[in-house]
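Asker: Sharing a structure below in structure tokens format, with a few things to ask.
The values are calculated or read from the model by the stated rules, or taken from the named source; none is laboratory data. Predicted model, so just to flag it, every value in this text is computed and none were measured. Using ideal geometry, Cβ is built from the backbone for each residue, glycine included, and neighbour counts are taken over all protein chains shown.
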């Protein structure tokens, strides 16, 4: 699961009333010469043009000698301070271009509500390594113009959005080694498919997040409802999350919901009848689910940066809260612990916001050992592990399926061009001839990065895909 703010782009909304403008003007020099709105707008336009040319001298020439600065623009005083924030931005994004969505003038005050874009090629405060990724910029300048120069300036720049975009867990470069992709079953959008579990007879169980539903997909396609949780209705974050077989007669399912009688881990029998095995606290976002050799369940807590342990009797406790499980503080907009798998005596957890897969040893008594980073550089949602220790990682909003071999080699085996748009989970199986299969589910483009253009439902293709690896 990948979770982000539902607000697209974090744009500033400018509302400049006559009373507000008058209040700001009176706080400055009441004896200042009168400036017409048209003249003020002309200075504002010249300022935008200088920024887009990278013309620091031209921008500073627009400043009055005694210009006063307000807002988080740094310690640079005087005319040099007018361009200083854009020096920072253009150092990070040499191709930066901004455009005024609107310029509002009243008397000697002019407000510029702007958007911009560029490609990060250099450093930015708080960002260690340039990512080479497109970045959207959003902000506002409120300027007071006197005698054709900028005498006072209030700057509002969405630095949080910049840091998030520049440090998001974009997949590291990987060579294209395509694998044949087959669409097994398509769902009508908008649908957020969340987990997939292959069964012994060749069929699959697939959970649909916001429906709170689990569907059974036939070996040749087609589906029927298998289970539905009584989740809360209306807006909110709730639904059926991740599935795992119980090794005997049935399956386990994580459910997230505001209702304690629903939230937690459920057991489903082979016929699809369900009962709640355990309730998890209200601050837990139960997501990925894995089963250990001794029958314990390990639950990835996406919001709590923890992994929970649930015994076969339904007793729940924190299994690991290792610091490596945490997302980026303050600026993280992806989950911490997300997908989780158990393989070769350890639990592996995708930390989406850090672009890590973390390995946590499972001790003989079932407790957690110290976490280490098993793979990095891929912002994974979920993943599967084969018998060689290779990871098959779904990258959700980055529309790619990445294989990380045991030696660390990365290859991109499928992407949007194959219909893999918004891949959320993957699972391995074998066919009747013993050949390796990989099942991948997608949301088809329902969930996009906030700065990306949304994909309208007619263009979305949520579905279940089958890849033949051998």
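Asker: If the requirement is being surrounded by fewer than 20 Cβ atoms within 10 Å (Cβ to Cβ) and out of contact with any helix residue (DSSP H, G or I) (no Cβ under 7 Å at 6 or more places or on another chain), which of these qualifies: 442, 411, 394?
Answerer: Within the list 442, 411, 394, the selection yields 411.
Asker: Taking residue 275 as the residue in question, decide whether it is within 23 Å of residue 293 (Cα to Cα) and surrounded by fewer than 17 Cβ atoms within 10 Å (Cβ to Cβ).
Answerer: yes
Asker: In addition: Within segment 335-351, can one find any residue that is touching a helix residue (DSSP H, G or I) at 6+ places or on another chain (Cβ under 6 Å), in the same structural domain as residue 413 (by TED's automatic domain parsing), surrounded by fewer than 20 Cβ atoms within 10 Å (Cβ to Cβ) and farther than 23 Å from residue 254 by Cα?
Answerer: No: zero hits.
Asker: Which fully enclosed helices (runs of 4 or more DSSP H) of segment 4-108 have 1 or more residues being closer than 30 Å to residue 447 by Cα and either outside the structural domain of residue 159 (by TED's automatic domain parsing) or modelled with pLDDT of 50 or more (or both)?
Answerer: Correct list: 80-92.
Asker: Could you list all residues from segment 369-387 that are part of a loop (DSSP other than H, G, I, E, B), modelled with pLDDT of 95 or more and more than 17 Å from residue 290 (Cβ to Cβ)?
Answerer: Listed by number, the list holds a single entry, 370.
Asker: Within the bounds of segment 357-365, is there any residue that is in contact (Cβ under 8 Å) with a residue 12 or more places away in the chain and not in a strand (DSSP E or B)?
Answerer: Scanning segment 357-365, I find no residue that is in contact (Cβ under 8 Å) with a residue 12 or more places away in the chain and not in a strand (DSSP E or B), so the answer is no.
Asker: Residues of segment 274-298 being within 12 Å of residue 256 (Cα to Cα) and under 23 Å from the mean Cα position of the chain (by Cα), which ones?
Answerer: 282, 283, 284, 285, 286, 287, 288
Asker: May I pose another question? Any idea how many residues of segment 278-295 are over 15 Å from residue 311 (Cα atoms), in contact (Cβ under 8 Å) with a residue 12 or more places away in the chain and surrounded by fewer than 21 Cβ atoms within 10 Å (Cβ to Cβ)?
Answerer: Number satisfying all stated conditions: 2.
Asker: I'd like to check something: does segment 123-134 contain any residue that is modelled with pLDDT of 90 or more and either more than 17 Å from residue 46 (Cα to Cα) or touching a helix residue (DSSP H, G or I) at 6+ places or on another chain (Cβ under 8 Å) (or both)?
Answerer: Taking every residue of segment 123-134 in turn, none turns out to be modelled with pLDDT of 90 or more and either more than 17 Å from residue 46 (Cα to Cα) or touching a helix residue (DSSP H, G or I) at 6+ places or on another chain (Cβ under 8 Å) (or both).
Asker: Of all residues in segment 305-327 being closer than 17 Å to residue 255 by Cα and in contact with a helix residue (DSSP H, G or I) (Cβ under 9 Å, 6 or more places away or on another chain), which is surrounded by the fewest Cβ atoms within 10 Å (Cβ to Cβ)?
Answerer: Ranking the candidates gives 306 first.
Asker: From the list 209, 193, exactly one residue is under 30 Å from residue 409 (Cα atoms) and buried (at least 18 other Cβ atoms within 10 Å of the Cβ). Which is it?
Answerer: Result of the check over 209, 193: 193.
Asker: Which one is surrounded by the fewest Cβ atoms within 10 Å (Cβ to Cβ), of the residues in segment 168-190 that are closer than 23 Å to residue 402 by Cα and in contact with a helix residue (DSSP H, G or I) (Cβ under 9 Å, 6 or more places away or on another chain)?
Answerer: 180
Asker: Another question, if that's okay. Evaluate segment 407-430: report whether one residue or more is over 30 Å from residue 115 (Cβ atoms), without any contact (Cβ under 8 Å) to a residue 24 or more places away in the chain and in a loop (DSSP other than H, G, I, E, B).
Answerer: yes
Asker: Just for segment 234-273: of the residues that are in a loop (DSSP other than H, G, I, E, B) and within 21 Å of the chain's Cα centre (by Cα), which one is modelled with the highest pLDDT?
Answerer: Here the residue is 257.
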